[in-house]
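Participant: Pasting a structure below so you can have a look.
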Amino acid sequence: MRFGAQVTCYRNTWDSIREVAEVLDAGPWNSIWFADHYLPPPGRKEEEHLTAHEAFTVAAAVAGFTETLTIGHLVLGNTYRNPGLTAKMAGTVDHIAHGRFVLGIGAAWFKREHEAYGWDFPSMKERQDRFEEAAQLLRRLFHGERVTFEGSYYALDDAPLSPGSYEQPIPILVGGTGERRTLRTLARFGDIMNLDGWAGGPMTKAYFAHKVGVLNRHCEDAGRDPGEIKHTVLMPTMVTDDKQAAAAFMAGRRLGEGTAAGPKNYVIDRIGEIVDAGADEIMIGGIPTDDVEQYQLVAEDVLSAFD
C-alpha cells in the first residue's frame, strides 16, 4: 500500500517545508503533495499577510533535493496559469525530478485570491468548461504531440513541449469528484482520481465506491478502460487520545463521517476501510508542517500497520 503526505506551504517557512520533505524522503512515504494558494485559505482578511509559498516553485525545489518521493499538487488551480504555461512548468519539474512529477489540477475555487491578484473568477460552469479544455491540451502535450488548437478559451499554434515528460507521460490527477463535470473530465483526459477529505464528504468505503462507480460510467461513455485510472484519497488525519482535540479537528474543518481523527487504532481502522475499498494510494493531510515528530509518529504507528 502506498502512502503520501499533503504538506502545507502556507502559514510556515521554507525551512520547515524542506525539513518535512527530507524526513518523508528518508521514510516509508511514497509521495509529497502541496496545495496551490496565493493567500492562506480559507481566506480570513486578518491572515492575508501570512506566508503562502508559490506551489510550483516549492515543487521544483523539493524535486531538486529528494530522491524517491513522487511530487505533485492537491491541487493546482487551472485559472492561475494557462495550460501552455502549466505544461512547460510541469515538464521542467518532471525533468528535475527524473520522472517523479504528477500534475494535480482542478477548476479552482478560492474567489478571494483571484480578486487579490487580478485573475478573473468566472462562473462555476465556465471554470469547468475551461478546466475540461485545459485538461485536453495538457494530456496531448504530455503525450508528446505538437498541438494546434483553437478553443473557446485557449489557443495553441503548433506548440511543442520541450522539455516534455521525462520518460513516461506525466500523469494527470484531477482534483474533485463532482459527478456531472469533474469526473467526466477525468474519464476523458485524466489518469488519477482523488477523493478529497477536506471537501467534507464522508470518508467511508461506500462513498468511495459510489464515486468510483460514477467515474466508471463516465469511462464507459468516453470509450476509456476504467482500469487505466488510479484511485487515491486525501485523508485528513489526527492521531490523538484526546477526544476534545479530535472533535475540534473535525468541527473546525467541517470534516465528514469516517475521517481519521482519534486514537491510533481508530485511525488505522478508518484508513484500513479505504484500503479495503480499493484505493491505490492514500495521502495523509492535516499534520502541522512544523511538527516533524508527528510525521514520524504516523509512519511508525499507522503506516507500519499496512506493511
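Participant: Have a look at THR237, GLY84, ASN12 and report the one farthest towards the positive end of the charge dipole of the chain, computed about the Cα centre with Cβ charges (Lys/Arg +1, Asp/Glu -1).
Facilitator: Of the options given, the answer is GLY84.
Participant: Looking at the chain, what % of its DSSP beta bridges pair antiparallel, to the nearest 5? The partial results should precede the final answer.
Facilitator: Values: 4 of 37 bridges.
So the antiparallel bridges in the chain amount to around 10 percent.
Participant: List the DSSP H helices in the chain whose Cα atoms stretch 15 Å or more along the helix axis and whose mean Kyte-Doolittle hydropathy is at least 1.6. Please list the in-between numbers first.
Facilitator: Working: long enough: 14-26 (18 Å, 0.01); 55-65 (16 Å, 1.99); 83-96 (20 Å, 0.26); 124-142 (26 Å, -1.07); 205-222 (25 Å, -0.44); 264-277 (20 Å, -0.03).
Going by DSSP H runs, the hits are 55-65.
Participant: How much net charge surrounds ALA60 when only the other residues with a Cβ under 11 Å from the Cβ of ALA60 are counted, with Lys and Arg +1 and Asp and Glu -1? Present the calculation step by step, with values, prior to reporting the outcome.
Facilitator: On the way: positive: none; negative: GLU54, ASP94.
So the surrounding residues net to -2.
Participant: List the residues, sorted by chain then number, that are 5 or more residues from GLY164 or on another chain and whose placed amide H is less than 5 Å from its amide H.
Facilitator: Residues meeting the amide H criterion: none.
Participant: Compute, for region 194-244, the length of the dipole vector about the Cα centre, with Cβ point charges of +1 (Lys, Arg) and -1 (Asp, Glu) only. Units Debye, rounded to 20.
Facilitator: Numbers: 6 positive and 7 negative charges, 19 e Å.
In debye, rounded to 20, region 194-244 gives about 100.
Participant: Give me the aspartates and glutamates in straight-line cross-link reach of LYS243: C-alpha distance below 19 Å, same-chain residues under 8 apart excluded.
Facilitator: In chain and number order, the partners are GLU257, ASP269, ASP301.
Participant: If R₀ is 25 angstrom, what is the calculated FRET efficiency for the pair THR57 and GLU300, using the beta carbon separation as r and rounding to 0.05? Please report the intermediate quantities before stating the final value.
Facilitator: Working: r = 31 Å, r/R0 = 1.26.
Between THR57 and GLU300 the formula returns 0.20.
Participant: Moving on to the next point. Subtract the Cα-Cα distance of TYR117 and GLU22 from 0.36 nm times their separation in residues, and report this length gain in nm to one decimal.
Facilitator: Numbers: separation 95, 0.36 × 95 = 34.20 nm, distance 3.19 nm.
Result for the pair: 31.0 nm of gain on full extension.
Participant: Please identify every one of the trypsin sites (Lys or Arg not before Pro) in region 167-265 that sits in a loop by DSSP and has no more than 15 other beta carbons within 10 Å of its own beta carbon. Display every interim value, and only then the final one.
Facilitator: On the way: sites: ARG180, ARG181, ARG184, ARG188, LYS205, LYS211, ARG217, ARG224, LYS230, LYS243, ARG253, ARG254, LYS264; in loops: ARG180, ARG181, ARG224, ARG253, ARG254.
Listed in order of number, the matching sites are ARG180, ARG254.
Bear in mind these aren't lab numbers, they're just calculated from the coordinates by the rules spelled out. What you are looking at is a predicted structure, and each value in this text was computed from that prediction instead of being measured. When we count neighbours, we look across all protein chains shown, and the Cβ atoms used for this are built from the backbone with ideal geometry, even at glycine.
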